[in-house]
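The values are calculated or read from the model by the stated rules, or taken from the named source; none is laboratory data. Not measured: the values here are computed from a predicted model. Here the Cβ is made from the backbone with ideal geometry for all residues, glycine too, and neighbour counts use every protein chain on show. For accessibility, only protein heavy atoms count, side chains too; no ligands or nucleic acids. Shrake-Rupley method; radii C 1.70, N 1.55, O 1.52, S 1.80 Å.
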Amino acid sequence: MFVILYITAFIIILYLLYPIYLMCFQKYNEENEKELSEIEGVSLILLSYNGKIYLEEKIRTILRELECFSAYELIIIDDNSTDGSKKLLDTFRTKEHIKIIRQKKHRGIPHSMNMGVKNARYENIIFCDQRQRISDHILEHLIEPLKNKDTGAVSCYISSVNKNKKYSIIRKYENFLKKLESKTGSLLGVYGPMYAIKKQYYSLIPEYIILDDLYLSLRILKTKNIEIREDCKVIDQDFSTLYDYERARRYLRGFLQILTEKSLIRDLSLNQQVMLFWHKYLRLSIPLFLFLSYITIGLRYVNNT
């Protein structure tokens, strides 16, 4: 019985050693050593589906933030919403810099992303979800690293304090790991609520893919680095609200699905493959072994009574 407990303890300790591994691969990267290019225009793609309660405030905030760029556009992809979002979006149809695309039927996030990129005029693209609040000057800071020709994408930073002012230690630790990964040049997965990417490095995402942000990140890492910006903060809903049973099942299916994309894994460097399995997949086994440990302890207690 104690074998399960020993294995569980070993897996947890091994996972907690991941930051030390990352520190061994930090890159020395001075600003004056980078080959820089100019930001000529920005296309922000807002993904919308049944988010009427968030849309108006989010659109007005984004338009205000986009004004820092000399050339920009806001592309809103509505994935056949049924909550009145279409009527609200009609009020923005005549606004300058806005392009609204309505799907005739619900197709999912990958299809909306592919459609948005297809219609984007500019090389620098920002993907944005509808639900979260964003910090001031976030778009300007998010785009800045794309001037570096070695950078293919830049992720936002999800605040460890949510909209209800509740603190999440899990989010804090995840941010800590992503910051260390970023310093190695191999941030394995951008935060989906907002990230920037160079159009030339975008790969069409198959519509069956569940974890679109992870899939795209791994494609980019084949040739370019991915960074995270701590000054590009988004504030999300309560962590417990977001990660219910159905959402947890979806994430599990998504991670298992990535394993079936053999070319995706094969194109990564050895170090990136180690990071992927250590960070993403090792932690998936922790809840399973914790559950088995509880069962083991319970059985031992019953046998001793």
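For segment 116-142, which residues satisfy the criterion of being of a type in the set (A, V, I, L, M, F, W, C) and either free of Cβ contacts under 8 Å to residues at least 40 places away in the same chain or outside any loop (DSSP other than H, G, I, E, B) (or both)? It would help to see each step written out before you state the result.
Residues of segment 116-142 that are of a type in the set (A, V, I, L, M, F, W, C), as a first pass: 117, 120, 125-128, 134, 138-139, 142.
Matches in segment 116-142: Val117, Ile125, Ile126, Phe127, Cys128, Ile134, Ile138, Leu139, Leu142.
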- segment 169-204, residues that are outside any loop (DSSP other than H, G, I, E, B), in contact (Cβ under 8 Å) with a residue 60 or more places away in the chain, hydrophobic (A, V, I, L, M, F, W, C) and open to solvent by 10 Å² or more (accessible area, probe 1.4 Å): Ile170, Phe176, Leu180
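Could we say that Ile126 is buried (at least 17 other Cβ atoms within 10 Å of the Cβ) and closer than 15 Å to Asp79 by Cβ here?
On the way: buried (at least 17 other Cβ atoms within 10 Å of the Cβ): yes; closer than 15 Å to Asp79 by Cβ: no.
Against the criterion (buried (at least 17 other Cβ atoms within 10 Å of the Cβ) and closer than 15 Å to Asp79 by Cβ), Ile126 does not qualify.
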- Message: Out of everything in segment 35-67 that is assigned to a loop (DSSP other than H, G, I, E, B) and surrounded by 14 or more Cβ atoms within 10 Å (Cβ to Cβ), what residue ends up being modelled with the lowest pLDDT?
- Response: Ile39
- Residue among Asn164, Asn148 that is more than 14 Å from the chain's Cα centre (by Cα) and open to solvent by less than 20 Å² (accessible area, probe 1.4 Å): Asn148
- Query: Which one of these does Met113 not meet: (1) open to solvent by 30 Å² or more (accessible area, probe 1.4 Å); (2) in contact (Cβ under 8 Å) with a residue 12 or more places away in the chain?
  - Reply: (1)
- Condition set of a type in the set (A, V, I, L, M, F, W, C) and assigned to a helix (DSSP H, G or I), scope segment 205-248, selection modelled with the lowest pLDDT: answer is Leu242
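Return a yes/no flag: does segment 18-32 have any residue that is part of a loop (DSSP other than H, G, I, E, B), polar (S, T, N, Q) and under 30 Å from Val274 (Cβ atoms). Lay out the reasoning, then the answer.
Keep residues of segment 18-32 that are part of a loop (DSSP other than H, G, I, E, B), which gives 24-30.
Filter again for polar (S, T, N, Q), leaving 26, 29.
Keeping just the survivors that are under 30 Å from Val274 (Cβ atoms) gives 26, 29.
Yes, segment 18-32 contains at least one residue that is part of a loop (DSSP other than H, G, I, E, B), polar (S, T, N, Q) and under 30 Å from Val274 (Cβ atoms).
Working only within segment 286-304, note down all residues that are of a type in the set (S, T, N, Q) and exposed (fewer than 12 other Cβ atoms within 10 Å of the Cβ).
Narrowing segment 286-304 to residues of a type in the set (S, T, N, Q): 293, 296, 303-304.
Within segment 286-304, Asn303, Asn304 qualify.
One line per residue, one yes/no per condition, for (1) farther than 30 Å from Tyr167 by Cβ; (2) at pLDDT below 95; (3) in contact with a Gly (Cβ under 9 Å, 6 or more places away or on another chain):
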{"position": "Leu252", "(1), (2), (3)": "no, yes, no"}
{"position": "Gln257", "(1), (2), (3)": "yes, no, no"}
{"position": "Lys262", "(1), (2), (3)": "yes, yes, no"}
{"position": "Arg266", "(1), (2), (3)": "yes, yes, no"}
{"position": "Gln273", "(1), (2), (3)": "yes, no, no"}
{"position": "Arg283", "(1), (2), (3)": "no, yes, no"}
{"position": "Phe291", "(1), (2), (3)": "no, yes, no"}
{"position": "Gly298", "(1), (2), (3)": "yes, yes, no"}
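Please work out if Ile265 is surrounded by fewer than 16 Cβ atoms within 10 Å (Cβ to Cβ), aliphatic (A, V, I, L, M) and assigned to a helix (DSSP H, G or I). Please lay out each step first, then the result.
Values: surrounded by fewer than 16 Cβ atoms within 10 Å (Cβ to Cβ): yes; aliphatic (A, V, I, L, M): yes; assigned to a helix (DSSP H, G or I): yes.
For Ile265, the condition - surrounded by fewer than 16 Cβ atoms within 10 Å (Cβ to Cβ), aliphatic (A, V, I, L, M) and assigned to a helix (DSSP H, G or I) - is met.
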- Item | Condition broken by Val234, with the remaining ones in (1) surrounded by 12 or more Cβ atoms within 10 Å (Cβ to Cβ); (2) out of contact with any Phe, Trp or Tyr (no Cβ under 8 Å at 6 or more places or on another chain); (3) not polar (S, T, N, Q) satisfied | (2)
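Yes/no matrix, rows are residues, columns are (1) touching a strand residue (DSSP E or B) at 6+ places or on another chain (Cβ under 6 Å); (2) of a type in the set (S, T, N, Q); (3) under 23 Å from Glu123 (Cβ atoms):
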site	(1), (2), (3)
Tyr195	yes, no, yes
Tyr201	yes, no, yes
Leu216	no, no, yes
Asn225	yes, yes, yes
Leu256	no, no, no
Gln272	yes, yes, no
Lys280	no, no, no
Arg283	no, no, no
